[in-house]
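Working notes for the structure below.
The values are calculated or read from the model by the stated rules, or taken from the named source; none is laboratory data. Remember, it's a predicted structure, so these values are computed and weren't measured experimentally. Virtual Cβ from ideal backbone geometry, glycine too; neighbours counted across all protein chains shown. Please note that ligands, DNA and RNA were not included when accessible areas were found on the heavy atoms of the full protein model with its side chains. Shrake-Rupley method; radii C 1.70, N 1.55, O 1.52, S 1.80 Å.
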Amino acid sequence: MKVTVAACFLAGAAATTHKANPIRRVVSLLQGLADKVEKEGKAAEKAYNKLVCYCEGNTKELTATIQEEGETIERLVSEIEESKSAKVQLDSDLKQHKEDREAAKEAIAKGNEMREKEAADFASDSGDMKANLAAMDQAIPAIEKGMAGSFLQTGKAATLVRVAQVADISDAQKQAVIGFLQGETAYEPASGQIVGILKQMRDEMSANLAEITKDENEAVASHNGMVQAKNKEIQASTEAIEEKTARSGDLAVEAVNKKGDLDETKKTKEADERFLSELEAKCKTAGADHEEAKKSRAEEAVAIADTIKMLNSDDALELF
């Protein structure tokens, strides 16, 4: 290389006029070439430094972006699973709320049916008792006033016979009352005893009526309380159903949207990873090319410098 360069320039110098020193002219040309090589090297180094800055900056930015995308993917996967789990729980709650509401409605229906039957039984029993008490309230004063004969001709006397047959009194008292009411016993001797028995029966029947009336009132209050409580349960279940149905729908939409975000983030991450891989490969190749060109320029600069040194030597000057 050194000989070739020197020979070329020496051959050119021989063709010049004797007025100019050919060695000096060649040296000047070589120095210009050396300056050109140096400038080209500086320009190449500047361009390479910009490329390095671009590679490092984009590599760092892409690496951070890819890491963020990975974290976003993990977060979305976790949130989607949480949404699915929450929706499963909500759907289970909804099923239970609906069952609870139906159970409350059924309890009210059965309670109403039972209450109607109990009310009918009370109406029948209390009606009989009131009719019997009314008959006694007529019989006792009539007997006390000596007007039993006219009373015994009425249908209420027969009513009292039936009452006496089931009354909680002794058999002897039953026979006495029934015999009197059926006209089988003389009035005067038996009237005082009969009035006493009838008053006893009336007191007991009044107490029984008061007791079943009290029981009925308590049953009505209990039923009303049950209906009120069940209606509150129905209202609470209905409100819960409406609220959780809406939440379940929102979670379903949210899961779909997040699934879309997840798919999009995965695609973006894959694209960024491909770009980063290509960028790293290009930057690596550019670095190798730069080092090769740098080495070549360095060798060229050394060759030029050696040639200039040779041409500036005393031996070269003596040739011309």
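Rounded, prolate or oblate: which fits region 20-112 when a ≥ b ≥ c are the square roots of the eigenvalues of the alpha-carbon gyration tensor, with rounded for a/c under 1.5 and prolate only if a/b beats b/c? Prolate, because a/c is 1.5 or more and a/b exceeds b/c.
Can you figure out the FRET efficiency of GLN31 with ASN58, using R₀ = 30 Å and their beta-carbon distance, to the nearest 0.05? So the FRET efficiency works out to roughly 0.15.
Could you tally the net charge around LYS244, taking each other residue with its Cβ under 9 Å from the Cβ of LYS244, Lys/Arg +1 and Asp/Glu -1? Could the numbers behind the result be given before it?
On the way: positive: ARG247; negative: ASP91, ASP93, GLU242, GLU243.
Around LYS244, the surrounding residues sum to -3.
Spin-label model, SER277/ASN257: points 7 Å from Cα along the beta carbon direction are separated by 3.4 nm.
Using the Karplus relation 6.51 cos²θ - 1.76 cosθ + 1.60 with θ = phi - 60°, the per-residue 3J(HN,Hα) values for region 46-61 come to 5, 5, 5, 4, 5, 5, 4, 4, 5, 5, 5, x, 5, 5, 5, 5 Hz, with x marking Gly and Pro.
When the accessible area of region 170-273 is computed with all protein chains present and a 1.4 Å probe, what percentage of it is carbon and sulfur?
Values: 3110 of 6180 Å².
Taking all protein chains in place, region 170-273 shows 50 percent carbon and sulfur surface.
Here's the picture: a label point sits 7 Å out from the Cα of MET114 along the beta-carbon direction, and within region 219-238 the residues with their amide nitrogen under 13 Å of it are 219-220, 222-227.
Sort region 251-318 into rounded, prolate or oblate with this rule: let a ≥ b ≥ c be the square roots of the eigenvalues of the Cα gyration tensor; rounded if a/c is under 1.5, and if a/c is not under 1.5, prolate when a/b is larger than b/c, oblate otherwise. Don't jump to the answer; show the numbers that get you there.
Numbers: a/c = 16.03, a/b = 10.46, b/c = 1.53.
In terms of gyration-tensor shape, prolate.
Between GLN200 and GLU239, residue separation times 0.36 nm minus the direct Cα-Cα distance comes to 8.2 nm.
Extending 7 Å from Cα along the Cβ direction at LYS130 and again at THR213 yields two label points whose distance is 0.9 nm. Pairs of lysines in region 204-308 whose Cα atoms sit within less than 23 Å of one another amount to 16, provided the residues are eight or more positions apart or on different chains.
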